[in-house]
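The values are calculated or read from the model by the stated rules, or taken from the named source; none is laboratory data. Treat the numbers as computed from the prediction; the structure is a model and nothing was measured. Every residue, glycine as well, gets a Cβ built from its backbone with ideal geometry; the counts of neighbours run over all protein chains shown.
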Amino acid sequence: MARLIPLAVLLAAAATAIALTGCSAETVPETPPASQAADKAVEAGFQEGALVGVWTIDQKYDSPEQPFVAFVQDNTWIASDGCNRVEGTWKVDANGVMATTAGPSTMMACEGAQIPLAVTLADHVAVNGDYLTIDSSNSTTTTELVRSIDPTVGPQGWPIGYWTQSRTSTSPFLSLSADRTFTGSDGCNIIGGTWTPGSAASQSVTFTDVTSTMMFCEGVDTWLSAAASASVQGSIMTVQNAGGQVIGSLNSM
């Protein structure tokens, strides 16, 4: 004959089971609030501020200047291969995916390092302390740089690079190289010479030993052939003649 279990005993057993289940549930970690999860995701992601600064190759080059790239807080960059400089803009997302733009470059032959090209083609960056890795063109090229604390490495306030009014065949332009030489055109004649740095704060230079071809081009304003000095504010180079008068301006494009 089946044994009947009193109802009070069944209820007591059920209460014990529920109590035991509740105890085991307390051992499961609680899900963190959404805000905390978001904070952790941000901490794990790439921070743009980590990229800001001057980076260079961990070796010295026998070039007019040490190759470098400088990433600026305003999302602009400037880089040198040791002779020529390139400028542009940059942006990096939380995964380190980079997008850049680049302007024209001087064209001096150089035995430096192609940092400007690496940045121009960059599609991913990673920062580990004072080390920067740039992956370019779907990771087919990797460039490894170190953060520079040498004050002689970097832009230094000199307007090295390509300055013009517009990207046309007749537009006046100046191309200043790191070896203190320059070439250019007044829109008709080819000019060249050397430049001497002035105030780093105003990025001023003086042009010396200037030479020029003597072609006559009807309808062309050859004002740039009278350039004796220049100074830079932002992306504008203001050019003066030997008398200190402003004769025109060029842009860093």
- The number of residues in the stretch 164-183 that are crowded, with 18+ Cβ neighbours inside 10 Å and more than 26 Å from the chain's Cα centre (by Cα) is 1
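What are the residues in the stretch 119-135 that are farther than 20 Å from S175 by Cβ, free of Cβ contacts under 8 Å to residues at least 60 places away in the same chain and buried (at least 21 other Cβ atoms within 10 Å of the Cβ), if any? Give the steps one after another, and end with the answer.
From the stretch 119-135, those farther than 20 Å from S175 by Cβ are 121-135; that's our starting set.
Those still in the list that are free of Cβ contacts under 8 Å to residues at least 60 places away in the same chain too: 121-124, 128-131, 133-135.
Listed by number, the residues that qualify are A122, I134.
Taking the options G161, G187, G96, name whichever one is in contact with a Lys or Arg (Cβ under 6 Å, 6 or more places away or on another chain) and buried (at least 16 other Cβ atoms within 10 Å of the Cβ).
Numbers: G187 fails: in contact with a Lys or Arg (Cβ under 6 Å, 6 or more places away or on another chain); G96 fails: in contact with a Lys or Arg (Cβ under 6 Å, 6 or more places away or on another chain).
Result of the check over G161, G187, G96: G161.
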- Message: I need the strands (runs of 3 or more DSSP E) fully contained in the stretch 88-192, keeping only those with at least 3 residues that are closer than 30 Å to T222 by Cα.
- Response: 161-164, 173-176, 181-185
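Filter the stretch 193-226 down to the residues that are closer than 27 Å to Q156 by Cβ, in a strand (DSSP E or B) and out of contact with any Phe, Trp or Tyr (no Cβ under 6 Å at 6 or more places or on another chain) and list them by number. Can you show your working first?
Keep residues of the stretch 193-226 that are closer than 27 Å to Q156 by Cβ, which gives 193-211, 224.
If we keep only those that are in a strand (DSSP E or B) as well, we get 193-197, 205-211.
Matches in the stretch 193-226: T194, T196, T206, T208, D209, V210, T211.
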- Message: Against the definition (among the aromatic types (F, W, Y) and at pLDDT below 85), how does W158 come out, yes or no?
- Response: yes
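Just to be sure I understand, how many residues within the stretch 134-179 are among the charged types (D, E, K, R) and out of contact with any Phe, Trp or Tyr (no Cβ under 8 Å at 6 or more places or on another chain)?
The number of residues fulfilling the criteria is 4.
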- Message: For the stretch 53-68, which positions are over 19 Å from S177 (Cβ atoms) and loosely packed, with under 15 Cβ neighbours inside 10 Å?
- Response: D58, Q59, K60
